[in-house]
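Remarks on the structure that follows.
The values are calculated or read from the model by the stated rules, or taken from the named source; none is laboratory data. In this text, all values refer to a predicted model and were calculated from it rather than measured experimentally. Glycine also receives a Cβ, built like all others from the backbone with ideal geometry; neighbour counts cover every protein chain displayed. Accessible surface is based on the protein model in full, side chains and every heavy atom, while ligands, DNA and RNA are left aside. Shrake-Rupley method; radii C 1.70, N 1.55, O 1.52, S 1.80 Å.
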Amino acid sequence: MASLKGFEKQLIRNGVVDEDRLERARAEAQKSETSLLDALVQLGYASEDDLYRSLAQFCELQYVVPSKIEIPDEVIKKVPSRFATHYNFVPIQERNGTLVVAISDPLNTHLLDDIRLMLKQRIDAVVAAPAEIEKAKKSIYGVGAETMERIISDSEASGNVLNLDAKVMGSNLSDDNVDASIIKFVNELIAEAIETTATDVHMEPFEDQLRVRFRIDGVLHQVPTPPTIRGFHAAIVSRIKIMANLNIAEKRLPQDGKILASLGDGHFDLRVSILPTPYGETVNIRILNRSSMFMTLDELGFMPEDLRIFNSFLTRPHGMILVTGPTGSGKTTTLYAALAKLNKLEHKIITIEDPIEYQLSGISQMQVMPQIGFDFSTALRSMLRHDPDIMLVGEIRDYETAEMAIRSSLTGHLVFSTLHTNDAAGAVTRLTDMGVEPFLIASTMIASVAQRLVRRICPDCAEPFEPPPELLREMDAPADVMEHATFRKGRGCDRCRYTGYRGRLAIYELLPFTGPIKDMTVRRATSSDIKRKAYGQGMKTLRDTGWLRVCSGQTTFEEVLRVTAESDLEEAIETSNAEVSV
């Protein structure tokens, strides 16, 4: 207690916190039964970094950030994950036979003695913040490592040594300890995915490993997991199937299900898809955040001029608007934003989706169920009997759905849908390939919008960046844009996991179906010819809007090049210039 009092005095002397706030933190710590340092952080009176730096100084120990230290594998192997978790420390390095460990509670005089006793080795201590120790444990041992080790140790203690061969795994699933630990591991994995803002969790079994990856801001990242996880693959998949209300005995056919989850104040829909492979079933979990999915048109990131054009599309009484792009490019989010703007008392709006990703108040929403014959085309026929003004078809996948959607727009309805094409002009070719007559497309189409998502530069570590001349030449942006350009790049920090990016924003290609574009559609012009014509009429390509994002310091050259086709801008400019010269 004397040591704690001395440390409190040092905090005041160093100006980390004043006496009044310290007293309030003491009261909060006593009421909530937490430590004083935790109370100071929770109340926002001091940062964790400042507090533990002061604690290290008071104890005359070195302060470290374990997540920034390269820890040798031989050092990690000296400490089982269950010991590191139980005593809340991580090994840092070994010096002359002495193991250096990072701890967050140097005032606990018995802690180091317990660690020495368990590891049977000389120990030296350094100080690190609890959050940094937790991050380092996940990085070096993997998510759920302590749970995996507990399963094995419990099985060994009971005399039932768990067989880690994936082909025979499952014989011990009746053991309550294993069941409880598998449940805990799956919960830990999903919680970690949600906390890192991942949109997808991929679990892929191979002959000698189970690879787990998170898709964060559109890019896949390997998740550190303990090597022993491979042997529990079948049990993990069974647990996920139970949560998603799927058939755990069926391992030969694909299955799809849904899990409702909550973490803190957030509520999430987890869409589970399972596929059979030679080494077991591969699992994909799509994470949909109910609270953050919905965005208004103003929040989507349209440039002011593009937003004005898009809003003009929405004022049409009938016709069809298509949003195109690959899976995961935010097409549905854009359509939801459009519907929200049109959601007024005088409008009857009905949607048919697969799946319903966001509940919109005041709009009738249906979900397709192919297993009972309720698909998009069937739903469209039923929707027309309900006298809608506006209709949303989640995706046009076949001729029947396309024809129904187009005929609905011909009979006085405003129809929204999505299509998988590479650019806006490709929507025409895709529909004609399905068998839709070009004159019907020309009569109904209002606009085609191509969309991509690029990663946003992390605002916490963004810094000015001077691009190489060759990149500037490739951009070929207008002089007035270049004059006010602010190029930036993310340095990498804790908030963005040292990637330099955090969050995403959309880039668009808006193709209005003007008279000349409709004439070309009827004449069955190619998508490249339509694109050239639209470019000559002032349409900005995906790469054009991407460069504007780069010039405004929101994203980087690499991101725009990653998500847009190489010939997207060059071909259009080259052809347009050739036409002008002729």
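Where nothing but the Cβ of Lys and Arg (+1) and of Asp and Glu (-1) is charged, how large is the charge dipole of segment 315-355 around its Cα centre, in debye to the nearest 20? In debye, rounded to 20, segment 315-355 gives about 180. How big is the gap, in Å, between the Cα center of segment 74-107 and the Cα center of segment 349-369? If you average the Cα positions of each part, the centres end up 52 Å apart.
In segment 30-68, what trypsin sites (Lys or Arg not before Pro) fall in a loop by DSSP, with at most 15 other Cβ atoms inside 10 Å?
Of the trypsin sites (Lys or Arg not before Pro), not one in the loops of segment 30-68 has a Cβ with at most 15 other Cβ atoms within 10 Å.
Of the trypsin sites (Lys or Arg not before Pro) found in segment 360-461, the ones in coil according to DSSP and having at most 12 other Cβ atoms within 10 Å of their Cβ are R385. Each of K9 and S35 was given a label point 7 Å from its Cα along the Cα-to-Cβ line. The distance between the two points is 2.2 nm. Rounded to the nearest 20, the Cβ-based charge dipole of the chain about its Cα centre (Lys and Arg +1, Asp and Glu -1) stands at 540 debye.
The percentage of C-alpha pairs in segment 441-540 whose separation is greater than 22 Å is 53%. Projected onto the charge dipole of the chain (+1 at Lys/Arg Cβ, -1 at Asp/Glu Cβ, origin at the Cα centre), which of P467, V283, P91 gives the Cα projection farthest towards the positive end? The residue sitting farthest along the positive end of the dipole is V283.
If R0 is 22 Å, the Cβ-Cβ spacing of I242 and N88 corresponds to a FRET efficiency of close to 0.10.
Of all accessible surface on segment 313-380 at a 1.4 Å probe, what whole percent is carbon and sulfur?
53
Partners of K348 within straight-line reach, counting lysines whose Cα lies under 27 Å from its Cα and excluding those fewer than 8 residues away in the same chain: K331. Within straight-line reach of K68, meaning a Cα separation under 25 Å, sit the following lysines at least 8 residues removed in sequence or on another chain: K77, K78, K135, K137, K138, K489. Only one residue of L270, T109, Q359 has its Cα farthest out toward the positive end of the dipole of the chain, where Lys and Arg carry +1 and Asp and Glu -1 on Cβ, and that residue is Q359. Here segment 198-262 is treated with +1 on each Lys and Arg Cβ and -1 on each Asp and Glu Cβ, and its dipole about the Cα centre works out to around 180 debye. Look at the dipole of the chain built from charges on Cβ: of F374, L511, A198, the Cα furthest out on the positive end belongs to F374. Expressed as a whole percent, the accessible area of segment 235-279 that falls on carbon and sulfur atoms is 56 (1.4 Å probe). In the chain, helices alone account for a calculated mean residue ellipticity at 222 nm of -12500 deg cm²/dmol, with every DSSP H run of four or more residues adding -39,500 (n - 2.57). Per residue, the accessible area of the chain comes to 49 Å² when a 1.4 Å probe rolls over the protein heavy atoms.
Subtracting the Cα-Cα distance of R26 and L253 from their residue separation scaled by 0.36 nm leaves 75.9 nm.
Taking Cα atoms only, the orientation of helix 130-141 departs from the longest principal axis of the chain by about 80 degrees. Apolar share of the accessible surface for segment 436-527: 51 percent from carbon plus sulfur atoms, 1.4 Å probe. A simple spin-label model places the labels of Q121 and D529 7.3 nm from each other, with each point 7 Å out along Cα-to-Cβ. Charge tally for E8 (other residues, Cβ to Cβ under 11 Å; Lys, Arg +1; Asp, Glu -1): +2. Classification of segment 46-111 by its C-alpha gyration tensor yields a prolate form. The axis ratio a/c (a ≥ b ≥ c) is 1.5 or more, and a/b outweighs b/c. With the cut-off at under 19 Å, measuring from each backbone N in segment 393-414 to a point 7 Å along the Cα-to-Cβ line of N343 picks out 393-395, 414. Kirkwood's formula applied to the C-alpha pairs of the chain gives a hydrodynamic radius of 27.9 angstrom.
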